[in-house]
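J.: Take this structure first; my questions come after.
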Amino acid sequence: MIKEFKEFITKGNVLDLAIAVVMGAAFGKIVSSLVENIITPLIEILLGGVNFSSLSFPVGKAVVQYGQFVQAVIDFLIISFAIFMFMKVANSLIRKKQATEEEVLEAVPASEQYLKEIRDLLQKNARQDETL
């Protein structure tokens, strides 16, 4: 059982997942700090100092604090946009790398290109001979 557990825990997928969780938590802290310390104060300045989290209204003896909800929605939208932009940049870099790798693979010497053309012509002629 211990041997199986060691095999399980050292598989690439488990380690990749663990690294992703740690990186995700760190990235979450960065984005939360961006929202709380930079973007929210700027929005408050643009809106004349309105602090959404303090918005509320009384209903009988209860107080409905809808501002907390509004702030959570704004935080979600900002965080979602930040992650979208991060993924857009990451995907762009991945595509560039793949394109570069494909260009290297496609760089076929002229002699090989000629051989491929000869092979294609021979195959075409063979097919024409079969139909006659």
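The values are calculated or read from the model by the stated rules, or taken from the named source; none is laboratory data. None of the values given here were measured: they were computed from a predicted structure. As a convention, Cβ positions derive from the backbone with ideal geometry for all residues, glycine included, and neighbour counts pool all protein chains shown. For accessibility, only protein heavy atoms count, side chains too; no ligands or nucleic acids. Shrake-Rupley method; radii C 1.70, N 1.55, O 1.52, S 1.80 Å.
J.: Report, ordered by the first and then the second residue, all pairs with beta carbons closer than 7 Å, sequence separation of six or more or different chains, a first member in the range 35-58 that is open to solvent by 70 Å² or more (accessible area, probe 1.4 Å), and a second member that is part of a helix (DSSP H, G or I).
T.: Pairs found: S54/G67.
Per-residue answers, yes or no, for (1) touching a Lys or Arg at 6+ places or on another chain (Cβ under 7 Å); (2) more than 24 Å from E36 (Cα to Cα); (3) among the hydrophobic types (A, V, I, L, M, F, W, C):
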| residue | (1), (2), (3) |
| --- | --- |
| F69 | no, no, yes |
| A72 | no, no, yes |
| A82 | no, no, yes |
| K88 | no, no, no |
| N91 | no, yes, no |
| I94 | no, yes, yes |
| K97 | no, yes, no |
| A110 | no, yes, yes |
| A126 | no, yes, yes |
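J.: Considering only residues of the range 53-98 that are over 30 Å from M23 (Cα atoms) and in a helix (DSSP H, G or I), which is modelled with the lowest pLDDT?
T.: S54
J.: Of the residues R119, R95, which single one is without any contact (Cβ under 8 Å) to a residue 24 or more places away in the chain, open to solvent by 90 Å² or more (accessible area, probe 1.4 Å) and farther than 26 Å from G24 by Cα?
T.: Selected residue: R119, the only one of R119, R95 that is without any contact (Cβ under 8 Å) to a residue 24 or more places away in the chain, open to solvent by 90 Å² or more (accessible area, probe 1.4 Å) and farther than 26 Å from G24 by Cα.
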